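Taking it in order: structure first as structure tokens, then the write-up.
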Amino acid sequence: MSILPPIAAHAPELTAIYRDLHAHPELGFEEVRTAGIVAEKLRAWGIDEVHEGIGGTGVVGIIKGKGRGNRRIGLRADMDALPVQETTGLPYASTVPGKMHACGHDAHTTMLLGTAKYLAENRDFDGTVVLIFQPAEEGMGGARRMIAEGLFERFPCDEVYGMHNSPNGKPGTFGITRGAAMAGAAFFDIRIKGKGAHAAQPHNGKDSLLIAASLASELQTIHSRNLHPLDMLVLSVTQIHAGTAYNVVPETATLAGTIRYFKDEVYDMAARRMKEICAGYALAHGVEIEADLRNAFDVLVNDGDLSDAYLEAARDIVGDDKVSDTEEPATGSEDFADMLRLVPGAYCRVGHAGTVGLHNPGFVLDTEVLPVGASIMARLVERRLPLAAG
């Protein structure tokens, strides 16, 4: 392991920042305190420009290198927490009931701050670095809002990179997937309006709950009977809501869930079939069924050449034996995909000693990963924007 010495020297400060952020989690578009700390640190460390309020609570910092080159590299970290009650018992556990950094975005923010401090102190690169601290990654469209508010028009980038922690029990490992690396995702809500009745006389009603239960099962045929076996689709019904009494056939019922996919045409097929099945059920049972589908995440696609560049930077820090370029695509989703649709780049995972999965109330992040992630991003900048010899 070859953590950059200036970053290693600042590791205690990074750990303190991380623990403070972890203890004070904020949900998407509520990251006022977090964004304030980010902006304060960037200004204190001499970052050339600090812009706040982009995409609600987003922050962008600009660092100019020693050279006069005009190439620009974007580095992005997410800042939001999850509506989860923490159970870790850590001395710096969440102080906010029902909210927790259960995905490690506090660590991502801290790692990018560590990179920023190093780059501002050394500036051994030829060009400009755009630091992107993004709100609301957890399904709320933070990346899309920053983009809609002119992120890349105001701060153009030639390349953009992101990073995520991986609680795999393998500290300092670095993995990347070329091409489609993380699934696109949509959320859906299906509302069934039948006819209420006394539960002792169900023949007088149109049982929305029974229809919902059958429909939940029928939706699984979209994958099993419409898709080529080698294509990937996950359709999960995660909610059914109906009824308020033991003796009433409910008039309405709702289903909700998510669709995950790696090809846009697969999602288009699934959305079409879902609407067709709902229309067929409505006709068959003489009820009203409305299906609302909303794309939340695009497929995350890593550029092949820039994935290689990320790998080379990681090798400088963690060594050849801890770098993998054969990571399997993940069926989870990440809204950094929206940035990669506009600017070529790559997204990686950095392993740490934690073994409790992401989005779990017992998730614990190993803070040893903080200087590792910061060093990899810093070395990436120095490799992609090298100063001319002499």
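Which residue out of 350, 372 is modelled with pLDDT of 95 or more and either of a type in the set (Asp, Glu) or assigned to a helix (DSSP H, G or I) (or both)?
Details: 350 fails: either of a type in the set (Asp, Glu) or assigned to a helix (DSSP H, G or I) (or both).
Matching residue, one of 350, 372: 372.
Filtering the range 331-342 to residues that are open to solvent by 10 Å² or more (accessible area, probe 1.4 Å) and part of a loop (DSSP other than H, G, I, E, B) leaves 331, 332, 333, 341, 342. Among residues of the range 117-168 being under 19 Å from the mean Cα position of the chain (by Cα) and of a type in the set (S, T, N, Q), the one that is farthest from residue 311 (Cα to Cα) is 134.
Given the structure, is residue 368 among the charged types (D, E, K, R), under 23 Å from residue 22 (Cα atoms) and surrounded by fewer than 22 Cβ atoms within 10 Å (Cβ to Cβ)? So residue 368 passes the test. Acidic (Asp, Glu) and in contact with a Cys (Cβ under 9 Å, 6 or more places away or on another chain), is that true of residue 138? Yes.
Cβ-Cβ below 9 Å, separation at least six or inter-chain, first residue in the range 376-390 and modelled with pLDDT under 95, second open to solvent by 80 Å² or more (accessible area, probe 1.4 Å): which pairs? Close Cβ pairs satisfying both conditions: 387/66. The set of residues in the range 37-75 being under 17 Å from residue 14 (Cα atoms) and charged (D, E, K, R) consists of 40, 41, 43. Considering the range 238-250, the residues that are open to solvent by 40 Å² or more (accessible area, probe 1.4 Å) and β-branched (Val, Ile, Thr) include one that is nearest to residue 210 (Cα to Cα), namely 240. Against the test of being β-branched (Val, Ile, Thr) and under 20 Å from residue 157 (Cα atoms), the options 60, 96, 84 yield a single qualifying residue, 60.
Residues that are at positive phi and without any contact (Cβ under 8 Å) to a residue 60 or more places away in the chain within the range 26-76 comprise just one, 53.
A single entry from 260, 225, 272 fulfils the requirement of being within 30 Å of residue 181 (Cα to Cα), surrounded by fewer than 18 Cβ atoms within 10 Å (Cβ to Cβ) and at pLDDT 95 or above: 272.
Hey, among the residues in the range 218-231 that are aliphatic (A, V, I, L, M) and in contact (Cβ under 8 Å) with a residue 40 or more places away in the chain, which one's nearest to residue 320 (Cα to Cα)?
Residues of the range 218-231 aliphatic (A, V, I, L, M): 219, 222, 227, 230.
Cutting the leftovers down to in contact (Cβ under 8 Å) with a residue 40 or more places away in the chain gives us 219, 222, 227.
Values: 219: 45, 222: 43, 227: 39 Å.
Going through the qualifying residues, I end up with 227.
The single condition from (1) modelled with pLDDT under 95; (2) open to solvent by less than 20 Å² (accessible area, probe 1.4 Å); (3) small (Gly, Ala, Ser) that residue 69 fails is (2).
The values are calculated or read from the model by the stated rules, or taken from the named source; none is laboratory data. All values derive from a computational prediction rather than experimental measurement. A quick note on method: Cβ atoms are made from the backbone with ideal geometry, for glycine too, and the neighbour counts reach across all protein chains shown. For the accessible areas, the whole protein counts, side chains as well, though only heavy atoms, and no ligand, DNA or RNA atoms are used. Shrake-Rupley method; radii C 1.70, N 1.55, O 1.52, S 1.80 Å.
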